[in-house]
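Peer 1: Before we start, here is the structure in question, set down as structure tokens.
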Amino acid sequence: MPTVDIQSLKNISSSGVSLKQLQSAVAPTSLKSQSRIAVHGVFENCFSKGLVEGSVVGITGSGARSLGFGLIGSIVNKQWTCLLGFKSLGIRAVSEAGIDLQQTLVVRGLNSQNQVRVISECVEATQVVAIELENRVKPADARIVQRKLLNSGGLLIVVGNQFSWPAGVDYTIHNSSVRWQGVEQGHGRISQLNYEVSISGKRSSGPQLIKRFEKNAQGFADVA
């Protein structure tokens, strides 16, 4: 899985080459011809018509990161993904979510001074950008990024704290409860996670949905 730091991006920029110019290698090739991004598995039951291109998805509550990775892994015809600002990132967790490590770019070193520039360039260069922000983005800067997102037709996933993204989100996935199995007496490996999530937003196809998921090494599944 390719990993770069912010200094690498600065070197690219100073040499006269931007991330946008790397699109021949990593950018989506067919986004303009479709209006929605299809998903499969449990997320298809949440977004039966797919996710509207150019949307921002906010994922909050316990297990938000896991749900975010699961959503990325469920995207049909997925191309390049960029993960920004994720600390202590577990490669195994990313892979188990169904994300192709060979088409995933991890960018480290995000901070309040560079985050808007980096997010903007990644939005223009890749189909899916997922961010976990420590610093709140200014409303004007968020709107600039969202204009670029609408133009590229990709997907921006804000994980953990949607209030760090003040321009608003199009879909909200909130997990209100998480239970786990497999850890006994303070040791062992978690074998299953159970979620109770609500799905809402201005681009959702109907009223708020309540869904129950379980997640194990094989991925997410619905709970009856």
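Peer 1: Can you list residues whose amide H is under 5 Å from R36's amide H, if they're 5+ apart or on another chain and H is modeled 1.01 Å from N?
Peer 2: Long-range HN contacts for R36: E53.
Peer 1: Provide L155, L193 in ascending order of the number of other Cβ atoms located within 10 Å of each residue's Cβ, fewest first.
Peer 2: Least to most surrounded, the residues fall as L193, L155.
Peer 1: While we're looking at this one, here's another question. Each residue of the range 140-153 in order: what ³J(HN,Hα) in whole Hz does its phi give by Karplus 6.51 cos²θ - 1.76 cosθ + 1.60, θ = phi - 60°, with x for Gly and Pro?
Peer 2: Couplings: 5, 5, 4, 5, 4, 4, 5, 5, 5, 5, 4, 6, 7, x Hz.
Peer 1: Run the simple label-point estimate for S35 and E214 please: 7 Å along Cα→C-beta, distance reported in nm.
Peer 2: 3.8 nm
Peer 1: Between their Cα atoms, which of K49/K211; K49/K202; K87/K202 are more than 21 Å away from each other?
Peer 2: K87/K202, as the Cα separations exceed 21 Å there.
Peer 1: Could you sort the peptides 75-81, 50-56 by per-residue average Cβ neighbour count (10 Å cutoff), highest mean leading?
Peer 2: 50-56, 75-81
Peer 1: On to the next question. Using modelled amide H (1.01 Å from N, peptide plane; none on Pro or chain starts), what sits under 5 Å from the amide H of C82, excluding residues fewer than 5 places away?
Peer 2: Amide H to amide H, under 5 Å and 5 or more residues apart or across chains, C82 pairs with L105, V128, V129, A130.
Peer 1: Under a crude label model (7 Å from the Cα following the beta-carbon direction), how far is S62 from N77 in nanometres?
Peer 2: Label at S62, label at N77, 3.8 nm between them.
No value in this document is a laboratory result; all are computed from the given coordinates. Given the structure is predicted, the values throughout are model-derived calculations rather than measurements. With ideal geometry, Cβ positions are generated from the backbone for all residues, glycine too; neighbour counts draw on all protein chains shown.
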